[in-house]
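Beneath this line is the structure, given in structure tokens, with notes to follow.
The values are calculated or read from the model by the stated rules, or taken from the named source; none is laboratory data. Fair warning: this is a prediction, and the values are worked out from it, not measured in the lab. Because the Cβ atoms are built from the backbone with ideal geometry, glycine has one as well, and the counts that use them run over all protein chains shown. Side chains included, ligands, DNA and RNA excluded: accessible areas come from the protein's heavy atoms. Shrake-Rupley method; radii C 1.70, N 1.55, O 1.52, S 1.80 Å.
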Amino acid sequence: FFSGLTAMEKKLAEYKCNTNEAIQLKLVRFPEDLEDDNTTFNPEYSHQVFGDDEVAFGYKGLKILLYYIAGNLSTLFRIEYTSKVNEKFDCVEADDVESKIREIIPPGFCTNTDDFVSLLEKEVNFKPFGMLLHTYSIHNEEAGEDITYQIYKADMTCPGFREYHERLQTFLMWFIETASFIDVDDERWNYFLVFEKYNKDGATLFATVGYMTVYNYYVYPDKTRPRVSQMLILPPFQGEGHGAQLLETVHRYYMSSPTVLDITAEDPSENYVKLRDFVLVKLCQDLLCFSPVKLMQGFSQEMVTEAQQKLKINKQHTRRVYEILRLRATNMGDAEQSRSYRLDVKRRLIGPYKKKQRELAKMRRCLRPEEMTNQLNQIDLNLQREQLEESFQQLVSDYRRVLERLAQA
């Protein structure tokens, strides 16, 4: 019986597919892209659709094709496999992959290639939504030419935008670990979109590159505080500098508005923080309050006020900008300068530890001695020093990367 079971188990194990590999995404501009493996990319995550194991059961050679027309993102969705388990013979049922995907992609997709290709011909009519905010170009080595990109601000009143956004947001599931879809009927959302201009048979077409959603929180009595919620540059365009262009454009958009207090972000990822450091330092470096002389005098209220009023940057982010610019102005080979910098940053880093110690002092007053020793053991001063030094070193290496990028910009 047991050997039979393991043979069965072995057989069923062959019918497990990693969904990150099975899902094949494409942004299609030309019919030949359909056959070209170089245009295919895969999700980073599929756990929100297929569970923590990111596995689909019941198929061999499973391919989940999700192809999008580059501009308006009309979708082709198909499932292919070489074999599938059968309830009659194998007494098990295959996962219903199709309905899982249908839950996150909007209806109205194509299921066969011919329909999809005929939609591709209409793509020449697709134009970006909303108001043009910024145009920039990036030199493309492969193409040997400069490629032009544009950033637009859109909202739900733009004809066709609601449906387009539904298709666009499905990418969040595959590339943001804790993605969720937003309530588009709430008018306080702003949408910022990046497009590439490209040529096809002598016409100019637009391809979707990425986007950002920002929510405008109300601040008493008459201000708003925009909060960046989601930001995604699609994988074929990552690493080219579009994120920085987008974030800077969004900051500049809100800078011109007298009712905006400052800009924040919701639960930012590590990559987003690095991007924001770069963009904010780039915006701030020419402000008078960040001159080398003033940087050496320490963090000041003047910096906080000027960065908030002129650039809509909040206090916490201004502090980081100060630390990065002060690092640039500091000769770390000079013992006195480097000691002064280290103390300045560590004084900020020690804040959370001090808070913990205040909490301990409170506990001391109400805990029995034996409970207290347990609590105390967790916060050993030497350990605290080590952690502090580690955090400091990590920060300095992050800051140096920002400064390197700035030097190249």
Hits in segment 310-333 - residues which are within 14 Å of Asp344 (Cβ to Cβ) and part of a loop (DSSP other than H, G, I, E, B): Thr330, Met332
Count of segment 219-232 residues which are part of a strand (DSSP E or B) and over 18 Å from Lys315 (Cα atoms): 4
Selection from segment 237-264 of residues that are out of contact with any helix residue (DSSP H, G or I) (no Cβ under 7 Å at 6 or more places or on another chain) and either over 23 Å from Ser137 (Cα atoms) or of a type in the set (Asp, Glu) (or both): Glu240, Ser256, Ser257, Pro258, Thr259, Leu261, Thr264
Pairs with Cβ under 6 Å, 6+ apart, first in segment 241-260 and closer than 17 Å to Val194 by Cα, second assigned to a helix (DSSP H, G or I) and open to solvent by less than 10 Å² (accessible area, probe 1.4 Å): Ala244/Val279; Leu247/Val279; Glu248/Val279
Conditions (1) surrounded by 12 or more Cβ atoms within 10 Å (Cβ to Cβ); (2) over 30 Å from Ala13 (Cα atoms); number of the one not met by Glu142: (1)
Candidates Phe192, Phe181, filtered to the one that is modelled with pLDDT under 95 and within 18 Å of the chain's Cα centre (by Cα): Phe181
Qualifying positions in segment 136-181 - among the charged types (D, E, K, R) and part of a loop (DSSP other than H, G, I, E, B): Glu141, Glu142, Asp155, Glu177
Enumeration of residues in segment 64-83 that are open to solvent by 30 Å² or more (accessible area, probe 1.4 Å) and within 16 Å of Val28 (Cβ to Cβ): Asn72, Arg78
Check on Glu187, open to solvent by 40 Å² or more (accessible area, probe 1.4 Å), in contact (Cβ under 8 Å) with a residue 12 or more places away in the chain and outside any strand (DSSP E or B): yes
Single unsatisfied condition, Ala307 versus (1) buried (at least 19 other Cβ atoms within 10 Å of the Cβ); (2) in a helix (DSSP H, G or I); (3) assigned by the TED database to the domain that holds Lys153: (3)
Every residue from segment 145-184 that is polar (S, T, N, Q) and open to solvent by 40 Å² or more (accessible area, probe 1.4 Å): Thr148, Thr157, Thr178, Ser180
Looking only at segment 45-63, and only at residues there that are touching a residue at least 40 places away in the same chain (Cβ under 8 Å) and either hydrophobic (A, V, I, L, M, F, W, C) or in the same structural domain as Phe171 (by the TED database) (or both), the one that is most open to solvent (accessible area, probe 1.4 Å): Phe57
Hey, Arg339 charged (D, E, K, R) and surrounded by 18 or more Cβ atoms within 10 Å (Cβ to Cβ) or not: no
Tally of residues being under 11 Å from Ser74 (Cα atoms) and open to solvent by 40 Å² or more (accessible area, probe 1.4 Å) across segment 119-128: 2
Candidate set from segment 246-272 (those that are within 21 Å of Glu404 (Cα to Cα) and modelled with pLDDT of 95 or more); member that is farthest from the chain's Cα centre (by Cα): Glu248
Filtered residues of segment 56-78 (kept if touching an Asp or Glu at 6+ places or on another chain (Cβ under 6 Å) and under 17 Å from Trp174 (Cα atoms)): Ala56, Lys63
